Amino acid sequence: MTGECPRARGAGVDRGAVDNAFGIGSAPLAVAMTLFGCGYLAVTVYANAGVTGVWQWLGISAGFVFFAVACFLIVDAPRDPLPVHMTVILCVLAVAGVTATLFSLPFPPTHVMQTGPPIGASVIVLAFVAVRGRPAAAWTGSVVISVVATVWGHVSTRGAFWGLGATLPGYAIMIMGSLFSLMLRPMVRRLYAIREADERQAALDAAAAAAAEERSRRLEVLDHLARPILTRIAERREFGADDVETARLIEAQLRDGIRAPGLDLPEIREAAWRARRRGVHVVLLDDGGLSAVGQAESVLGRRRLAATVAVLLDATRRGRVTVRVHPPGRAVLATMAVDADDGTYLVELDLAGHARESVLAGGDPDGSVAAQSLGDEGMVGS
């Protein structure tokens, strides 16, 4: 009775364990509802072939619309159990659909199948309400529908008990739906709790593996950089001025890898090595801003950050350069403070990769180290 409904995963809504486990919101259920809607229309047209009143057909059509909306809402509504307002709307639609259809039929009814579609549709809607965690509301709606059918049976001259009897078979489905809800829902929740525990354990295992891989990588770097120096110390060899300078640069590079893992990139390592050899004091800090963005954004951000920092370090001949990656959740990804001979400047790099320079003390913005190194590309203001 509905068209294609948004999938739970595709729509990005939290439908709850029961909904996901039993396919509520899925394409097969939407197809089943559509086929039921087609059957509803076919039986209604066949059973009411002798009805000629315009107002009667308007009432019968209104009942179908009520049930179509209810079926769409029951498979599309997020969260489990159903929200209270959605539960009330569904029960009202089911009662309204039965009322509008029954009281639009001829008095007395001319075909035994005339009551079948509205009573059957109401049972389906209310059974789903029970399955979605609201059995009390579903049973209340069923009792109200029985009362409406009883009154209609009396008014239509068929008899009150005849109208009541038309609704009694639906209670068997209501009982199954209620038992399904009360007995199977706890089991499904336990299944999902086990699945969540497995996912948490898998995440912990992945984190442990990543940490072990990072330790291995750092040990390899340490072995590659520090082993020659340590070997010379163990062999009591003499160190010249160049050897001392190299040891100092290695120590600074190892410190960068610990204090600024997000900046531990080949372009930045090489540029920092060259800058320190020229006598520039380089400080690299990382507060984890890149770890909070998506994988694609993180890769792009690291590439742009590495290029900007490398250019800035190569352009600084003397002074101090401090690069800091900001904490997560800030519009500015990183700041680069340059304290050079021509003044003190601050370069900010946002998440989109745009650089902005501010003059903190002295110098000309257009002639600063930052402006000359970054150029017009990426510089959005001064």
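Restricting attention to the range 73-95, the residues that are closer than 13 Å to L126 by Cα and not polar (S, T, N, Q) add up to 13. Scanning the range 175-201 for residues that are out of contact with any helix residue (DSSP H, G or I) (no Cβ under 8 Å at 6 or more places or on another chain) and under 12 Å from P135 (Cβ atoms) yields I175, L179, M183. Tell me whether the range 288-307 contains one or more residues that are touching a residue at least 40 places away in the same chain (Cβ under 8 Å) and either outside the structural domain of D341 (by TED's automatic domain parsing) or outside any helix (DSSP H, G or I) (or both). Looking through the range 288-307, at least one residue is touching a residue at least 40 places away in the same chain (Cβ under 8 Å) and either outside the structural domain of D341 (by TED's automatic domain parsing) or outside any helix (DSSP H, G or I) (or both). Just one of (1) out of contact with any strand residue (DSSP E or B) (no Cβ under 7 Å at 6 or more places or on another chain); (2) closer than 23 Å to V221 by Cα; (3) not β-branched (V, I, T) fails for G279. It is (2). If the condition is being outside any loop (DSSP other than H, G, I, E, B) and of a type in the set (D, E, K, R), then the range 272-287 contributes R274, R276, R277, D286.
Against the test of being out of contact with any helix residue (DSSP H, G or I) (no Cβ under 7 Å at 6 or more places or on another chain), outside the structural domain of A331 (by TED's automatic domain parsing) and on the phi > 0 side of the Ramachandran plot, the options R236, R248 yield a single qualifying residue, R236. Pairs meeting the criteria (first residue in the range 50-78 and in the same structural domain as A30 (by TED's automatic domain parsing) and modelled with pLDDT under 85, second residue among the hydroxyl-bearing types (S, T, Y) and surrounded by fewer than 16 Cβ atoms within 10 Å (Cβ to Cβ), beta carbons under 9 Å, at least 6 apart or on different chains) are G50/T110; V51/T110.
Restricting the range 200-218 to residues that are more than 14 Å from I250 (Cα to Cα) and not small (G, A, S), the residue that is modelled with the lowest pLDDT is E214. Does V75 satisfy being part of a helix (DSSP H, G or I), more than 31 Å from the chain's Cα centre (by Cα) and either crowded, with 17+ Cβ neighbours inside 10 Å or at negative phi (or both)? Judged against the criteria, V75 is not a match. I'd like to know if the range 143-151 contains one or more residues that are in the same structural domain as M33 (by TED's automatic domain parsing) and buried (at least 23 other Cβ atoms within 10 Å of the Cβ). Yes, some residue in the range 143-151 is in the same structural domain as M33 (by TED's automatic domain parsing) and buried (at least 23 other Cβ atoms within 10 Å of the Cβ).
L249 - would you say it is surrounded by 13 or more Cβ atoms within 10 Å (Cβ to Cβ) and either of a type in the set (S, T, N, Q) or at pLDDT 80 or above (or both)? Yes, satisfied.
Among the residues of the range 354-363, not a single one is within 21 Å of R276 (Cα to Cα), modelled with pLDDT under 85 and part of a strand (DSSP E or B). You will find that of W152, W139, W162, the residue that is without any contact (Cβ under 8 Å) to a residue 12 or more places away in the chain and not aliphatic (A, V, I, L, M) is W162 and no other.
From the list A32, A42, the one residue that fits, being without any contact (Cβ under 8 Å) to a residue 40 or more places away in the chain, assigned by TED's automatic domain parsing to the domain that holds A127, loosely packed, with under 14 Cβ neighbours inside 10 Å and farther than 12 Å from V125 by Cβ, is A42. Annotation: G329 fulfils all but one of (1) farther than 18 Å from R259 by Cβ; (2) surrounded by fewer than 19 Cβ atoms within 10 Å (Cβ to Cβ); (3) at pLDDT 85 or above; the unmet one is (3). Identify the residue in the range 92-123 that is in a helix (DSSP H, G or I) and out of contact with any helix residue (DSSP H, G or I) (no Cβ under 7 Å at 6 or more places or on another chain) and, among all such residues, is farthest from L82 (Cα to Cα). Checking each candidate, the answer is G120.
The values are calculated or read from the model by the stated rules, or taken from the named source; none is laboratory data. Because the structure is predicted, anything quoted here is derived from the model rather than measured. Reconstructed Cβ throughout: ideal geometry from the backbone, glycine too, with neighbour counts over all protein chains shown.
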